[in-house]
Amino acid sequence: MVDLEKNEIRTGGEEIPLFSASAEDSKLCSVLAKEKTIIPVRSECLIQGVPEASGKFRYAVTDFPSQVSQKGILVAATLVDLKKGAIPVRVLNLDHKPKTIDKGAVIATCEPVVDIVARPQEFFESLYLTSIFENLEGLNEEQRTAVKELLQEFQNLFSTSDSDVGRCNMTQHRINTGNHPPIKKYPRCLPLAKKEEAERLVKEMVDNGIIEESSGPWASPIVLVKKKDGSTRFCVDYRKLNEITIKDSYPLPRIDNTLDALNGSQWFSTLDLKSGYWQVEIQPQDKEKTDFTTGQGLWQFKWESEDGSSCRWQLILPKSRIQEVLRETHDSASGGHFGVMKTLSKTRERFYWDRLCADVEKWCRECHACGARKGPKRRTKGRLQRYNVGAPFERMVLDILGPLSLTTKGNRYVLVLMDYFTKLPEAIPIPDQEASTVAEELVRAWISRYGVPMILHSDQGTNFNSALFTELCKLLGILKTRKTALHPESDVERFNRTILSHLSLFVSKNQTDWDTHSPLFLLAYWSADHEVTGCTPADMLFCRTLRLPCDILFGRPSDAPSSPNEYLNNLEARLESVHAFARERIKLASERMKTRYDSGATGHHFKEGDQVWMYNPKRRRGLSPKLQHNWEGPYTIVKKLNDVIYRVQRSPNAKPKVIHINRLTPYWATDHSSV
């Protein structure tokens, strides 16, 4: 009979427990032949095999795979150790011909051997907790069941053997010897019988993970003391070490105060440690100070021994003082506003309270000063927003490049203008960046040659947003748009790097003639293929190839003569063909750029009312930018203008700002000074 409720099978009065095996427990691995082997006719050979993977299981049973058994070969099932370099596989040739096993051939499969342990009830009733349960007196059946379930739930807290002393990881023991040089004492003479006993005790402590080999400069002798029961206590003479150790003066609790605290109680329980030593880990830099020698080697304790002269005390902190401690260990000058790990180590060494790690992590993450200075570990990055144009002068961009060196003609800046579709640029040297100068050159160098654009795009410079410039755009019917602040990611920024690179190659040493090189730079740029359109800007606009000085020097085949009407028809057809080709190239390049850019996007979105940090690395007169805080907040999301542009506001009375999502990150901080 199968009882699924109790997970057991009952047959003939016997109860057999059922256990579920995971996929990991039944996972097979192949065994490969280590070298080429020939098996004689009707004979058995022992072949060395190598398992492909052993996983976490140590022992397995080899079995023959289907592809091997079809060849007249049998493999004997064997219990093997997968941790060894090679495992023996017994192979039998049943055929009347010799069989050859090639190196690397699959000769067997391995199935992990899973240990079946007793059920929790059987484990409880048959081992170390049985005596505790039997000694429960004065309890009714319901209370006894509740205590039994409680002990079952926490049975891993009880010691199972003399060597199971447990480990405490809440603190580390420190041996503070100041600047005193290492102490080295010679080992004491031991009788032969005592030497064997010392070696046995050392081996036990090594097996239990209490000591490890050392090569430090410290050394103390051992002392073997016979106990009343006849066994031997292993001691180390640390008297010289204790003399130079700086003592802790923390007072022990008074017994009378402890008894007074029990006043009024009716039920009492005791909980004692299995061992008074070897449970608290020693700080790594102090382990070598515990070195001892038996004459056969040098060893050091990994855990605090019974002979240590000082103990590390921790204050169990009440909830009312947690914020005060965190403010001191993190926010103060001695705290240093360090990250989670450093603050956690500093706090955990001195204090203890429930959820200490979570509280420290939350405190560091919500620190306003840290957020304003350090910012997020990973910046927010929005998805690329495309704006493709389909005709010349539909949309153009202008920017100011400079300041550069003052030229002999009095120019210090470059007014850069570019058409988004044809990629045709203009680079005009100007003496200043006043709004009147920019407006005048825009009309003279662009509008008078190419006409009025439909859309004019610029950054948030005051010269582009002045009343004069705004009135000019309104008068000419130009739609004026602008970028978000501190987000220079458009075609004109790439062109700015190109023109600077070109001018640096031809400018004189005093850099006062760069404005004389800009016209020929434009000729070179207009006659070069653009990587996006695949055509030159001159082809895109004039549908003709510009005549360069090299054509005059070396000659160029002339075009076939044609009538004016024929030339006009060919020009219109070629211009339409070039523009169609460019539109397709622009579309493909835009898609590739968006795919590449969006691969690093965080996909984060904000909604109205969310609080955010804003990246604002502005320079302030008299202050070093390296010591400034680049993040400001909290700002509140007032409106979402599109997927990447938001209008934010610092306070209800502050002026709203239009910000790109790349300069925003969620605000989690709190002002600790007001907590």
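Just so it is clear, none of the values below were taken in a lab; they were calculated from the coordinates. The shown structure was predicted, so the numbers you read here are calculated from the model rather than taken from an experiment. Note that we place each Cβ from the backbone using ideal geometry, even for glycine, and neighbour counts take in every protein chain shown.
Kirkwood analysis of the Cα pair distances in the chain returns a hydrodynamic radius of 36.2 Å.
Convex hull volume of the Cα atoms in the stretch 161-288, per residue, in Å³?
It comes to 183 Å³ per residue, whole-number rounded.
The H on the amide N of Ser214, modeled in the peptide plane, is under 5 Å from the matching H of Leu298, Trp299, Gln300, each at least 5 residues off or on a different chain.
In plain terms, the C-alpha convex hull of the stretch 373-499 casts an average shadow of 9.9 nm² when viewed from every direction. Working ranking of peptides 350-358, 452-460 by packing, defined as the average number of other Cβ atoms within 10 Å per residue, highest first, is 452-460, 350-358. Peptides 398-404, 439-445, 617-623 ranked from most to least packed, by the mean per-residue count of other Cβ atoms within 10 Å: 398-404, 439-445, 617-623. Per-residue ellipticity at 222 nm, computed for the chain from helices alone with -39500 (n - 2.57) per DSSP H run of at least four residues, works out to -8000 deg cm²/dmol. Summarising the label geometry, the points placed 7 Å from Cα in the beta-carbon direction at Lys626 and Arg239 lie 5.7 nm from one another. Between the helical axis of 192-207 and the longest alpha-carbon principal axis of the chain there is an angle of about 40 degrees. With a cut-off of 12 Å between beta carbons, the residues surrounding Ala580 carry a summed charge of +2, where Lys and Arg count +1 and Asp and Glu -1. Per-residue 3J(HN,Hα) values for the stretch 322-337, derived from phi via the Karplus relation 6.51 cos²θ - 1.76 cosθ + 1.60 with θ = phi - 60°, read 4, 5, 5, 5, 5, 5, 7, 7, 10, 7, 6, 4, 6, x, x, 6 Hz in sequence order (x marks Gly and Pro). Rg over Rh for the stretch 395-579 works out to 1.00, both radii taken from alpha-carbon positions and Rh defined as the Kirkwood radius. Kirkwood radius and radius of gyration were both taken over the C-alpha atoms of the stretch 315-366, and their ratio Rg/Rh is 0.91.
For His530, the residues whose modelled amide H falls within less than 5 Å of its own, excluding neighbours fewer than 5 places apart on the same chain, are Cys535, Thr536.
Relative to the 2.2 N^0.38 Å rule of thumb, the stretch 610-666 has a C-alpha radius of gyration ratio of 1.20.
Exceeding 30 Å between C-alpha atoms, which entries from my cross-link table qualify? They are Lys247/Lys346; Lys83/Lys148; Lys227/Lys287; Lys203/Lys346. Too far apart for the 30 Å limit: Lys83/Lys148; Lys203/Lys346.
Backbone geometry of the stretch 176-188 corresponds, through the Karplus equation with coefficients 6.51, -1.76 and 1.60 at θ = phi - 60°, to 3J(HN,Hα) couplings of 8, 10, x, 9, 5, x, x, 9, 10, 10, 6, x, 8 Hz, x marking Gly and Pro.
Residue by residue, the stretch 442-449 carries 3J(HN,Hα) couplings of 4, 5, 6, 8, 10, 5, 5, 9 Hz when phi is fed to the Karplus relation 6.51 cos²θ - 1.76 cosθ + 1.60 (θ = phi - 60°); x denotes Gly or Pro.
Backbone amide hydrogens, once placed in the peptide plane, bring Cys29 within less than 5 Å of Cys110, excluding anything fewer than 5 places away on its chain. Axis angle, to the nearest 10 degrees, between helix 356-365 and the longest C-alpha principal axis of the chain: 10 degrees. If the segment from Asn257 to Ile645 were pulled out straight at 0.36 nm per residue, it would be longer than the present Cα-Cα gap by 133.1 nm.
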